[in-house]
Amino acid sequence: MNHETVEKARRHGWMKAVLLALLAVLVLGTGAVLVPRDAGSLQAAPSSEIARAEALSSAEALLGSASLLEGTTPGGAPAGEASGGNGISDTVMLLTRQAQALLPSSTPESNTPAASPSPGATQDRPTRAGFVSALSSSASRRLADAVNADGGMARLLAAVGTAQLLESTRLAATWGLPAPATPASESTAPTPPPSCPASTGTSTAAPTSGTAPAKADLPAALAAVVSSEQESIYAYQVALTKLDAKASATAATWLGRHQELLRGAEAQGRLHCIATPPLEAGYRLPASFAAKPALALGSMESSSLTAYADLVALSEGQTRQWAIDGLVDAAKRSQAWGAPVGPFAGLAIDNAALPPLPSPAPSR
């Protein structure tokens with residue numbers, strides 16, 4: 001009797017163990033089916049994508065506020081009596097183009113975070129002062145994000161931020177408001193480089209002035225900036241004898257600034273062990289220079305934007321910060337001489353190729 005009881009207990013225990021093992025296999029197998037194999041490998045959106053999404057959200061919010069100030073819908077259609085002459089129509093167009101350029105090139109991934117609108121830009125009844133402040137804040141954020149973004153996105157963010165900064169300053173002057181605060185320059189003197197290779201052909205050589213670079217890289221970008229600054233210095237020296245007293249004083253100040261920028265560009269070359277182009281004896285100035293020197297200086301400043309924007313894309317760290325500061329400076333001088341900068345400082349973007357903005361959702 002005892003023997004039979006023990007045998008039954010053993011069989012019961014063995015069957016229980018088998019059932020538990022089968023249950024464990026079933027649970028594990030079901031779990032493997034229910035939980036995607038790559039569920040734990042979802043990557044967070046890269047910082048450049050986050051910066052783009054935030055820039056787009058800010059541009060759309062600012063566009064909505066600008067359209068309300070203008071008296072039109074975000075699409076540009078009249079929504080009543082437009083307040084013509086308030087200087088905002090160009091801002092609406094600028095923000096429209098920027099929002100179009102910042103649209104994602106493909107359908108956003110589900111893990112791309114939604115950005116928060118720019119503070120003060122989505123108020124129901126925007127004020128001029130509030131709008132200028134929001135636009136200036138957006139510009140500062142775009143320029144800050146450009147420092148750490150990927151090359152192409154860094155150039156776009158720097159171009160957008162520079163244009164927004166200039167537009168906020170223009171609107172403030174048009175509306176009689178205090179000028180918005182300009183972001184403080186964060187660029188510092190380059191750290192002394194390690195011992196560069198001796199001049200035996202082993203150091204990185206930049207393309208000489210007037211030759212097309214074989215590829216877009218840091219040496220070519222620095223060479224373009226150095227050449228641009230050398231030509232600007234020559235032009236300003238000539239312009240001093242052709243401008244009136246007030247314009248000549250401004251030109252003298254900016255001549256000193258260009259000399260600083262040239263020294264800075266050459267220092268960046270030493271930082272990266274790059275041989276920058278030597279100074280040329282002279283430069284061919286535009287035919288209009290003698291009759292309209294101020295206009296020619298503005299055109300020259302505007303053309304230098306491309307060199308700085310390219311350097312933003314092809315550099316990083318303190319060199320990129322220096323290039324961003326140079327881009328902003330050149331854009332301010334361009335605007336001061338009457339040369340429009342447009343929505344993208346230093347970038348040539350075909351407006352016709354930009355995608356349309358999505359239609360706003362109907363209100364309920």
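Values as computed for the structure displayed
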read-out: Among the candidates P104, P113, residue that is open to solvent by 20 Å² or more (accessible area, probe 1.4 Å), in contact with a Lys or Arg (Cβ under 9 Å, 6 or more places away or on another chain), at pLDDT below 95 and not hydroxyl-bearing (S, T, Y); value: P104
read-out: Number of the condition not met by L255 [criteria: (1) part of a helix (DSSP H, G or I); (2) within 23 Å of D217 (Cα to Cα); (3) among the aliphatic types (A, V, I, L, M)]; value: (2)
read-out: Candidate set from the stretch 300-354 (those that are assigned to a loop (DSSP other than H, G, I, E, B) and under 12 Å from the mean Cα position of the chain (by Cα)); member that is surrounded by the fewest Cβ atoms within 10 Å (Cβ to Cβ); value: L347
read-out: Matching residues in the stretch 231-269 - criterion: being of a type in the set (K, R) and under 26 Å from the mean Cα position of the chain (by Cα); value: R257, R263
read-out: Any hit, the stretch 251-267, residues being touching a Pro at 6+ places or on another chain (Cβ under 6 Å) and over 17 Å from A296 (Cα atoms); value: yes
read-out: Boolean, T182 is at pLDDT below 95, of a type outside the set (A, V, I, L, M, F, W, C) and either under 24 Å from S315 (Cβ atoms) or in a helix (DSSP H, G or I) (or both); value: yes
read-out: Residues of the stretch 135-144 that turn out to be touching a helix residue (DSSP H, G or I) at 6+ places or on another chain (Cβ under 6 Å) and not charged (D, E, K, R), as a count; value: 5
read-out: Matching residues, the stretch 202-234, being among the hydrophobic types (A, V, I, L, M, F, W, C), at pLDDT below 95 and either surrounded by fewer than 18 Cβ atoms within 10 Å (Cβ to Cβ) or in a helix (DSSP H, G or I) (or both); value: A205, A212, A214, A216
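The values are calculated or read from the model by the stated rules, or taken from the named source; none is laboratory data. Bear in mind the structure is a predicted one, so any value in this text is a computation, not a measurement. All Cβ positions, even for glycine, are placed from backbone atoms using ideal geometry, and neighbour counts span all protein chains on display. Just so you know, the surface numbers come from the protein's heavy atoms only, side chains and all, with ligands and any DNA or RNA stripped out. Shrake-Rupley method; radii C 1.70, N 1.55, O 1.52, S 1.80 Å.
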